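Beneath this line is the structure, given in structure tokens, with notes to follow.
The values are calculated or read from the model by the stated rules, or taken from the named source; none is laboratory data. Remember, it's a predicted structure, so these values are computed and weren't measured experimentally. Here Cβ is always computed from backbone atoms with ideal geometry, including for glycine, and neighbour counts include all displayed protein chains. We work out accessible area using only protein heavy atoms, side chains counted, and drop any ligands, DNA or RNA first. Shrake-Rupley method; radii C 1.70, N 1.55, O 1.52, S 1.80 Å.
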Amino acid sequence: GENVEQHPSTLSVQEGDSAVIKCTYSDSASNYFPWYKQELGKGPQLIIDIRSNVGEKKDQRIAVTLNKTAKHFSLHITETQPEDSAVYFCAASMKMDTGRRALTFGSGTRLQVQP
Amino acid sequence: DSGVTQTPKHLITATGQRVTLRCSPRSGDLSVYWYQQSLDQGLQFLIQYYNGEERAKGNILERFSAQQFPDLHSELNLSSLELGDSALYFCASSPLGGFTEAFFGQGTRLTVV
């Protein structure tokens, strides 16, 4: 079936460095790509999203880029801080067996920012 | 606080039993989604309801069912529970049936013993 692959599974950076997480998707008709941050014991929190008619979107220290031709999108976090430590999930709107679309999530990246 | 409320937060039950998880979406949101998150795994889409009707279905087991009521809250029913059903179950809501921002609740942690 359609899926989303996410890399790396773990990422450790020094405070102030940048972090990049990459995802690829299989459904060329996907048109919505959100990123979620999940802290321990909490539900996923939407941090940024991008639609297929846009190549890049920024929100302060967070940016997302989308390459529709290559079917991949990336999350960039600059000037990382210890509070950025969490699990990050990418997602894409994928077609289910029923023909309808739903958000399919990557397997997650555990980001650790070392002070 | 996302505005999505899930109850209960924790649930411990025995194999073979049936449980009901409840979700209240954000005010004004018409869509409710259910996801399962097993240990060290990502979020697996189960089912979506939009304004009371089933809209999309993922890999939901036949032992599981859901519904959305006229007041838009939703319930996920899990029956004939097995040890492997132990997981976090998340509900999310969004304003429309298509893809806009989806906001997640805090989840229900189900433990089957």
task = Please identify every one of the GluC sites (Glu not before Pro) in the stretch B:4-113 that sits in a loop by DSSP and has no more than 10 other beta carbons within 10 Å of its own beta carbon.
result = B:Glu62
note = Out of A:Gly55, A:Gly16, A:Gly41, a Gaussian network model of chain A with alpha-carbon springs under 10 Å gives the largest mean-square fluctuation to A:Gly41
Rounded FRET efficiency, nearest 0.05, which uses the C-beta distance separating B:Glu53 from B:Ser80 and R0 of 25 Å = 0.45
ask   = How much of the DSSP beta bridge set in the protein assembly as shown is antiparallel, as a percent to the nearest 5?
value = 90 percent
ask   = If amide H atoms are built 1.01 Å from N in the plane of the peptide, which residues on other chains or at least 5 residues away come under 5 Å of the amide H of B:Ser86?
value = B:Val112
ask   = Sequence-distant or interchain residues sharing an amide H contact under 5 Å with B:Ile47, placed H: which?
value = B:Trp34, B:Gly58
message = I want the local charge near A:Ala29. Using Cβ-Cβ distances under 11 Å, sum +1 for each Lys or Arg and -1 for each Asp or Glu among the other residues.
response = +2
key: Computed log₁₀ I(q)/I(0) - Debye formula, equal Cα scatterers, no solvent, the stretch A:1-106, q 0.19 Å⁻¹   = -0.94
request  = Kindly tabulate the residues in the stretch A:65-105 with an accessible-area decrease of at least 20 Å² between the chain alone and the assembly of all protein chains, using a probe of 1.4 Å.
outcome  = A:Phe89, A:Met96, A:Thr98, A:Arg100, A:Arg101, A:Ala102, A:Leu103, A:Phe105
task = Find, among the trypsin sites (Lys or Arg not before Pro) in the stretch B:1-72, those assigned to loop by DSSP (not H, G, I, E, B) with at most 15 other beta-carbon atoms within 10 angstrom.
result = B:Lys9, B:Arg18, B:Arg63
query = Where the Cα atoms of the protein assembly as shown are projected onto their three principal axes, how long is each span, largest first, in whole Å?
reply = 49, 37, 33
Most fluctuating residue given options A:Ser93, A:Ser12, A:Ser30, as computed from a GNM of chain A linking Cα atoms under 10 Å = A:Ser12
query = Considering the zone a paramagnetic label at A:Val20 would reach in this model (a point 7 Å from Cα along the Cα-to-Cβ line), which residues of the stretch A:29-61 have amide N under 18 Å from it?
reply = A:55-59, A:61
key: Share of carbon and sulfur in the accessible heavy-atom surface of chain B [1.4 Å probe, %]   = 47 percent
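How big is the C-alpha Rg of the stretch B:71-113 next to the rule-of-thumb value 2.2 N^0.38 Å, as a ratio?
1.43
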query = With each pseudo-label sitting 7 Å past Cα toward Cβ, what's the B:Arg63-A:Lys42 distance in nm, one decimal?
reply = 3.3 nm
request  = Provide the buried accessible surface between chains A and B in square angstrom, both chains summed, 1.4 Å probe, rounded to the nearest 100.
outcome  = 1700 Å²
note = The relative contact order of the stretch B:45-101, taking Cα pairs under 8 Å that sit 6 or more residues apart, comes to a percentage of 24 percent
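Solvent-accessible area per residue for chain A at a 1.4 Å probe radius, Å²?
Solvent-accessible surface per residue comes out at 50 Å².
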Accessible solvent surface per residue of the stretch B:29-113, calculated while the other protein chains remain in place, 1.4 angstrom probe, Å² = 41 Å²
request  = Nearest 5 is fine: what % of DSSP beta bridges in chain B come out antiparallel, could you say?
outcome  = 90 percent
ask   = Roughly how many debye, to the nearest 20, is the charge dipole of the stretch B:1-67 about its Cα centre, given +1 on each Lys and Arg Cβ, -1 on each Asp and Glu Cβ, and no other charges?
value = 160 debye
